[in-house]
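Structure, as structure tokens:
Just so you know, all these numbers are worked out from the coordinates, no wet-lab data involved. Everything quoted here is computed from the prediction, not taken from an experiment. As a convention, Cβ positions derive from the backbone with ideal geometry for all residues, glycine included, and neighbour counts pool all protein chains shown.
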Amino acid sequence: AVDVLTFVEASRLPKELEFAFVHHADPAAVVDEMPDDKRSLYARLAAQWLAGKPRQDPIADAARVGVLYDRGGRMRQSAHWLHEAGQAARAVGQLSRAQALFAAGCRNVGTDDADLAADLRIANGGLLMRIGRHRDAEVQFLEIGRAHV
């Protein structure tokens, strides 16, 4: 096992223990050392914290919250945030980015979330129609009908 923390012998803080991350330049190594339940908990907490902050970049921030909810096991919330990010990307004309976000949201939406699934597939299908990918759009629209049957 890799040590994640190391204690500093000559601490600058009197009567306190000072420690540092061994992998301070490699956050993925720190995350990999965590147990699965803690990793998903921290991802959900980070998503909740980031969702409450003002957005500097509406597309990237909403997409990041969606990814964090995905890592935390909250697929409906992930799909909602990816839908929001896709709508923001579409509003500023970033169509390929919006389509990728809508597609990721469609993969995360559950079978019991018919309303969110329909919203995502309508947005994705409409965008695919707009960029000329008519066959892919038709598949998205047919999926809406299958989900509601």
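Note on LEU142 and ASP115: with the Förster distance fixed at 25 Å, the Cβ-Cβ geometry gives a FRET efficiency of about 0.90. Over the range 34-96, the hull volume per residue, using the convex hull of the C-alpha atoms, is 78 Å³. For the range 30-98, the relative contact order comes to 27 percent (Cα pairs under 8 Å, sequence separation of at least 6). Annotation: for a label point projected 7 angstrom from Cα along Cα→Cβ of ASP37, residues of the range 64-87 with backbone N closer than 17 Å are 72-74. A simple rule links phi to the HN-Hα coupling: the Karplus curve 6.51 cos²θ - 1.76 cosθ + 1.60 with θ = phi - 60°, which for the range 69-80 gives 5, 4, 5, x, x, 9, 5, 5, 5, 4, 4, 4 Hz, with x for Gly and Pro. Stretched out straight at 0.36 nm per residue, the stretch from ALA28 to GLN56 would grow longer than its current Cα-Cα span by 7.6 nm.
In plain terms, if you count all Cα to Cα distances in the range 81-140 and split them into 10 Å steps from zero, the share in each step is 27, 58, 15, 0 percent.
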